[in-house]
Every structure is written in structure tokens, then in C-alpha cells.
Amino acid sequence: MLARNAAWLALLLIPAAARAQGGPFDIALFNTPQSPSATGQARLVFAPGVMDVAVTADGRARYDARVTIAGLPAPRTLGPYTAYVAWAVTPDLTQWHRLGAVHNGVSMVGTADFNKFLLVITAEASAAPEAHHGPVVLHGTSPSGWLQNFTTHPLFRGVY
Amino acid sequence: MMMRGIAGLGLALALAAAPAAAQQKPPVKPPPKPAMKPLPGDTGMAGMKMGADTGMAGMDMGGDTMQMAMPIPMPKGMIMMPGLRNLLPPVTPFLPGEGVDPGTLPLARPSQLTPMKNGDTLDLTAMLVRRVVKGHTYVMYGYNGESPGPLIRVPQNATIIVKFHNAIDLPTTVHWHGLRQDNRYDGVPGVTQAPVAPGDSFTYKVHFPDAGVYWYHPHVREDIEQAMGLFGNMLVDSPDSNYYSPANAEQALIFDDLLINDDTLIPFGKEAPDFALMGRVGNVLLVNSEPRYSLHVHQGEVVRFYLTNTASSRTFNLSFGGAPIKVVASEVSRFEHEEMTPSVVLAPAQRYVVQVRFPKPGTYALVNAIQAINHFQGEFQAEVDTLGLITVDSTPASPDYARQFAELRTNRAVIADIDKYRPYFDKKPDKTFTLTIRPRALPLATVQFMNVDTAYFAPVEWVDGMPDMNWLSTSKQVKWIIRDDATGKEDMDIDWHVKQGSVIKLRIFNDPKSFHPMQHPIHLHGQRMLVVARDGVRVANLSWKDTVIIPVGSTVDLLIDASNPGAWMLHCHIAEHLGSGMMTVLHVDPR
Ligand SMILES: [Cu+2]
């Protein structure tokens, strides 16, 4: 009972502005000390498919993300990097799934099929790296992530 | 029961309505329990019978002494909210056949294949039947004593006469879902006909202009009548024997659910639907009215499944134990391109025609696999319900359609037909609707919870995570709304006229900021439509449809081929949403 009350309290303490703003599809992106001038947002859309909604066989939604970014510096100004790459990352940070390269302006990437995930953008040496190595420049939480508060993780405060 | 061969295939095909052929082998392993079940320990009230002997003072029971299951079953890990425990929905409980001895009623038979030719007449009676589900006997409804009703199979372009008789205890009609036919026989009370009173009759002339899978059901109190068994399939055969790629067998499967607590059906609201927030989501999943489906095939056989969802509210996510699924058609036509899919997402009233190949001997489980949301813990929970088993023996398929199955066809005729409509794809919407809800006088605990639980609503809710709140909401307290953005008018007040022959772009937005956002399967009667864009993204592979899911927060662009004159309903097919007003009329004025 105590745990549930605590969870409710945590929910109420999340600033209203940071919660799902346009429904279950909109992600606000936050910058890090690596990229203080960057701003961005993402809109999830169901991945293309023959059904009305795209899901996996076990019922997880399959989303592509329309990522809109401004103010990212040239990647090389942050180190030995040539591109920015978007990742879908499980909340426990154990699984990173590469969605695709992004840039200032609008980029369509995908597909993410985690129930809850962080949308993380890193600077990388190539546009299609096997794993993430470079610094985080923008990050956000899938709207489903607001079912649980994990926004204070230090990884996304520029410490990693 | 052996089925007739399909022209061009020359094979004996088994349909789901043929239990002797289809169900020879017993299941190899017991199915998992349904994901949703009562938790007596949580509430201490499970199985309690409502009535004068309950000893619960202060309960508003309206003096009714009908025994009532209480409380309703809660999903695993959820408890009934304390503020709701002593409440009942403000309606008189109703179940079919009150006072009728079940022993006097016929035991419902499985659906019988009913082939019909142009000009044939079918006698169809809605009646009380006795159904046994998981060993418990219930008084329910059926057509001609069958559940599902007769499987009507007709050639494309046929017209049949249906002499309908109402032998149930409520007024009713028959709606022929998906057929672009004469408006007079659309079966909508107050729009195309008067309801057929108990004991009365009505003659329908039913025309089948498009090949595919369709279904029939009442258009009166669907939350009761359809939920209690009034539904059946119609298969319309194209004259083209090569219309679908070849299959070794055919099965028509109707997916449905039933809400029970131990041995008791959860009653319905007599004056108004209950479960008005989310619709009634059952805890026993049914295929062709049975909790367990089974099929026996040979190794490598291709089975063509005609899938229909007749549930009040539940959206299914169906797959066949990893066997590859090829989607060939949706509701009113084939797709432009055949396509493989990991699963079939089937909302109420939707249909798909899929072909599934069973490559290896063994057992394949037909499952509904979804991600439920625990609203207290804020977590997703995977749930899998086994609906049936397909047993594959080691006799090789003959003929072997492996090659034809692997080929993904392009349907040139469908593309050519849709080509005529492509110039309209990017036109400005002719009409924009917003889907929302207006609550009034709901229990305080419900309102408080909904106000807090606003962080996230799933685009599609697969299961009812809060059945206590849902049960207590009736259409007296909840108004579901289709709002015309241009005029602000709502539901039946919208005055919408278009000229026959026009091509209408309708944009529908499902407002995520409403009091209780939820997906809506929106159905348009008597016309066909294309889903041309979702959230601004063009849909790549089209088919003509009559029912489309509008997820929470989504905007869907529909192109309506307004070819069929008359007054046609556009409504949510969640029975309780429809019963709470979520409907309007498209008037197609003759040219
Ligand atoms: Cu609805």
C-alpha cells in the first residue's frame, strides 16, 4: 500500500508540462551540457504495415519516430564524430536499438518496439554504428514511460 | 460434415462450422487460464450473490432482488477501488430469458454452413437458447438455434430474401454489416426501419455486391443482444476461382468474449448499457462461441481463415504459434498487395482474410497476445490467451501450395479500381470529426482516479484494467461524442448530406485529452472507404474497408466512395459507446 501511495505521489510530482502533451505519441527532447543549444521533439507514428496499428506478435506497439531538431552543432565540434544517431533504449539501459541517423530539421527513423523506452540521440563516428559510443546530445521518454518516473537517471544529465 | 469443393480447387474444404471434421484430435496440452480472473482474496466478496440476504446495509439496489454477481472479476493484481466497493450501476439488472427454465430451451448448435443462390429465401429467427460454456449453463440468444448464427455462403452479386422473426424478449433488427445494399434493409431502428418487436417479423432483401467476409447482427442494444450470441458470418464468393491464392482448407472464425463471474453471467443494464467507459470486456475468450478451437491439418497445408471480431469492445492480437500469416483481404476488398504480418489486429466488427501455412508436424497455438497495462504499478504486463490448437500431422499436404503461398501477389484489379480515387487522396478534408467523451455524475472515486491517471493512455487498450470503474459507468452518465469540428454539432445532431457519386475525405481525430481517451473502431454503413493516411503518413497498401481503428491521439484520413444512396450510420462499434450516443448519419442524396 505504501509503495503504491509513493508511486502516486511521484506521478503527481512530475511537472504537468513534462507529461504527455499531445497524447501517446509526442516526445519532448531535452538537451545535455554537451549540446546546450539543441532543441527537439519527436512524434511517434505506427510503423508501416497491413494492419490498422503496427504491433509485434506479443502486442507491443511498433513505432517509427519523426524527429524534429534544431541547434545541433556540427558533430566534429564534439569530438571524432561525423553523425548524430537516434536510439530506442530500454529504461534499464540494457538494450540500445539503433533507429537511424538524424540531423537538424526533420528525420524519420525507426522502428522501436519496446513498451517503454528512452529516445536518445548521440554523436557517433558513423551514421550506422553497431553500438553507441559518443556523447548524448538529446534525450526524451516515450509517453508510455510516464507510467513510471525514471527521468532523474544521472546518465541523461550529461554524466555517462 | 463435409463441405462442397470450391470451384477451381476441386477440394473438399472444411469450414469451422464443421466440428466433426475439424475437431477429431484432443488438445495436446491444457490451455493457460484466461489472463483476467477474479481474485477472491483481494476483495473478500467474490461469488457473493446480491439479494435480500447479503446483509450489506446501505446498498442502493433499487429494491430489486434479482441475484447479481458481485463484484465483477478484477484482473490479476488489481483490487476494486475502496470508494467503489459498495456501489452498483444505476440500472436494473437484465439477463435474457428471465424466469425461463433453461431446460426448456434448445441447446445451441454450432453454426451450420448455409449455401444460398440468387433468389433463395432464408428463414432466420432470433431466439433464446441454452449455452454451456466451460461446464456452466447460461440462457443466451442465437439465430435459428445456432451460435454463431448460420454461416451464409453466397455467390457475389446474389440477392436473397431473409424472412426474419423475433422470438427473443427484446426488440431487435438485423444489420448486414459491410454490404453496400438497399438502404431500406440496413436494419437500423429509427433510421431505416422500426424495431421488430418480440413476436413480430420483418422481411429483408439482402444483396451482396462485393466478395469477402461479412457479418450480421442486431442494431438494437448490441451490448446485450450481440454479446449474448446474435451474430453470424456471410461469405461472398467471387466468380473468379483464382480470386484468392489457393488453400487446402477454409475456416470461418468468429472471435468474441463473455464476462462471467464463476457460474454467473454479469447482468446487463435494462434501461441503459453499463460498462459505458470502455465497453464490456469479457474474461472468457471464445472462438465460434466455444472457449476452445481445434483444427487438424496435414504438414504443409495452407488454411484460409476468415476472421471476424464480434466482441463488444475487445481488440484481439491474433497469431498462429509462429506459422507464417499472409494477409490477402480486409473487409470489402483484397489488398493491393498481399503482405506477411506477425499478427492480426482485429477490432470489433473488423474482418481479415488471411492464409496460414503450417510447415512442420506438431501443434500450433492460436493465441491472443497483448500488453495489458497495470494502472497502479504503471507497468505493462504481457498476457497470452490460448484460443485454440492446430494439430499438424506428418502426412504431406496434397496438393502442396508452398510455392503459391510464398508468392506475394499484386492484385491488379484492386489497384486499377483504386486508381480512380487516387486524385482525391490529397484533397482538403470535406469533413473533420473529433472523438471525445462527456462524463456526468460518475462516482467521485472514478472521477478522481481519471483525473490523476492522465500521464499516459495507450493508443489501443487491449483489456479492461479498471473493470470496477467501467462497470459502474452507464450511458446515463457517459456521453460518447462524434463532434463536427466545423459546426460544433454532435452525434445525431450533425446534419451531413453528400451527393451520390461524390468522393468524400473525412478526417477523424481521437482527442487524447478527453476525460477517458480510448481507441474507437469506427464503422460506416453501406459504403466503402479507404484509409489513405494515418497521422499524416500515407498508407502504402490499400484495401476497401468499412471499419477502421482510430487510436488515441491519432488522426485518420478516410476516403469514402459515396456511391450508395440512403441514410447511413457512422458509429463506434464498441457496443457501449454506440449505446452512449457515439453515432451520426451520412445522408447520401440520390443524384
Ligand atoms: Cu468507441
In nm, the gap between the two label points placed 7 Å beyond Cα toward Cβ at B:SER502 and B:LYS163 is 4.2 nm
Share of Cα-Cα pairs in region B:304-353 beyond 18 Å, whole percent, is 27 percent
Across A:54-67, the residue-averaged tally of Cβ atoms belonging to other chains within 10 Å stands at 6
Kirkwood calc, region A:23-157, C-alpha pairs only, radius in angstrom 14.9 Å
For region B:315-446, the Debye formula with one identical point scatterer on each Cα and no solvent gives log10 I(q)/I(0) at q = 0.11, 0.12, 0.14, 0.21 Å⁻¹ as -0.67, -0.76, -0.92, -1.30
Sorting B:TYR401, B:THR436, B:ILE390 by the position of each Cα along the dipole of region B:382-450 (Lys, Arg +1; Asp, Glu -1; all at Cβ), the one nearest the positive end of that ordering is B:THR436
One computes Rg over Rh for chain B from alpha-carbon atoms, with the Kirkwood Rh, and obtains 0.94
Taking only protein heavy atoms and a 1.4 Å probe, the highest-to-lowest accessible-area order of B:VAL447, B:VAL139, B:VAL345 is B:VAL447, B:VAL139, B:VAL345
Sorted list, accessible surface of protein heavy atoms, 1.4 Å probe, largest first, for B:MET234, B:MET340 is B:MET340, B:MET234
Simple SL model, points at 7 angstrom along Cα→Cβ for B:ALA413 and A:HIS133; separation in nm is 5.7 nm
Here the gain from full extension of B:ASN242 to B:LYS117, 0.36 nm per residue of separation minus their alpha-carbon distance, amounts to 43.0 nm
Expressed as a whole number, the average count of other chain Cβ atoms within 10 Å around the Cβ atoms of B:339-348 is 4
Shape descriptor, region B:230-319: equivalent ellipsoid semi-axes (Cα gyration tensor, sqrt 5λ, whole Å, largest first) stand at 33, 16, 10
If the label point sits 7 Å along Cα→Cβ of B:ALA486, residues of region B:504-536 with amide N under 19 Å come out as B:504-510
The Cα extents of region B:249-411 along the principal axes, largest first and rounded to whole Å, are 55, 34, 33
Here the FRET efficiency for B:ALA441 versus A:THR68, based on Cβ atoms and R0 = 41 Å and rounded to 0.05, is 0.45
Under 5 Å from the placed amide H of A:VAL102, counting only residues 5+ away or on other chains, we find A:TYR84, A:VAL85, A:ALA86
The extension gain from B:ARG422 to B:SER201, computed as 0.36 nm times the residue separation minus the Cα-Cα distance, is 75.2 nm
Per the Kirkwood formula over distinct C-alpha pairs, the hydrodynamic radius of region B:480-550 in angstrom is 14.1 Å
Over its alpha-carbon atoms, region B:380-517 yields an Rg and a Dmax in Å of 23.4, 64
In chain B the DSSP beta bridges are antiparallel at a rate, in percent to nearest 5, of 75 percent
Counting lysine pairs in region B:422-589 that sit 8 or more positions apart or on different chains, with Cα atoms under 16 Å apart, gives 8
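The values are calculated or read from the model by the stated rules, or taken from the named source; none is laboratory data. Keep in mind that what you see is a predicted model, and the values were worked out from it rather than measured. Positions of Cβ are backbone-derived with ideal geometry, glycine not excepted, and every protein chain shown enters the neighbour counts. Side chains included, ligands, DNA and RNA excluded: accessible areas come from the protein's heavy atoms. Shrake-Rupley method; radii C 1.70, N 1.55, O 1.52, S 1.80 Å.
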